[in-house]
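Worksheet: one structure, shown below.
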Amino acid sequence: MSVIDHKTGAARPLILQIGFNRCGTLSFHRLMEDNGIPALHWQEPEGRNVAQVMVSNLAMGRKPFEGFEGIRAFSDIAFLNGQMMIDGARLFRSLHAAYPDAYFFFNTRDKSDWIASRAAHANGTFLKRFCKMSGLDEAGAKAAWAEMFDRHTAEVQSYFAMADARFLQFDLDRDAPSKIADWLSPDFAVDASLWGHYNRKSQPRALRADTNREALG
């Protein structure tokens, strides 16, 4: 799909995922790609990380995604190593200020499942990197994630309830992909049947919830 709308001659708006990783971000990215929408997930093939470029651009007074002009959909805007963490979803206010006409996709899921998925991500190394970066032990890290999940959900919902914005909250556990297709239909033709599930954990939900009960309180 062309970046330019040939009827109007204007660039198509951006589609920005503002939920956390491990909430169907890869499924969303593949849906965009499979529908011909130029999309970038986490980093370029050459290795430039989207979150790092975004923060650098903001520090220099540029638009967050300057340098990615051919891309329409951004997902998993995050970076984590043992020294720092960038969760681009938390910069939703700056993103809306820079791109008021963008589509803002708030992907979410059951909190217990999300914590378990993050803890298991990359064979547990994501959790280990977070612990090293934050100085927390594993139980403390999961408790911090639970608090961050609740805060982010409340702040996103409160902000976009008042903002003039194209906003969609999508619950990975409850919503059908047709909801995404309908929402994007003013500017993008999306075949919802191309939706797939990627990076799903096979561990039963009851067991995952048990594992994280202490973190959730």
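Of note:
- Subset of region 135-147 (residues that are among the aliphatic types (A, V, I, L, M) and surrounded by 14 or more Cβ atoms within 10 Å (Cβ to Cβ)): Leu136, Ala141, Ala143, Ala144, Ala146
- Filter result (over 21 Å from Met84 (Cβ atoms) and surrounded by fewer than 19 Cβ atoms within 10 Å (Cβ to Cβ)) within region 148-165: Asp150, Thr153, Ala154, Glu155, Gln157, Ser158, Tyr159, Ala161, Met162, Ala163, Asp164, Ala165
- Region 52-74, subset open to solvent by less than 20 Å² (accessible area, probe 1.4 Å) and hydrophobic (A, V, I, L, M, F, W, C), residue farthest from Arg12 (Cα to Cα): Met54
- Any hit, region 44-55, residues being at pLDDT 95 or above and more than 30 Å from Ala189 (Cα to Cα): yes
- Hey, Ala78 under 18 Å from the mean Cα position of the chain (by Cα) and small (Gly, Ala, Ser) or not: yes
The values are calculated or read from the model by the stated rules, or taken from the named source; none is laboratory data. Because the structure is a prediction, the values reported are computed rather than measured. In this analysis, Cβ positions are derived from the backbone assuming ideal geometry, glycine residues included, and neighbour counts consider all displayed protein chains. Quick note on the areas: whole protein, heavy atoms, side chains included, nothing else; ligands and nucleic acids left out. Shrake-Rupley method; radii C 1.70, N 1.55, O 1.52, S 1.80 Å.
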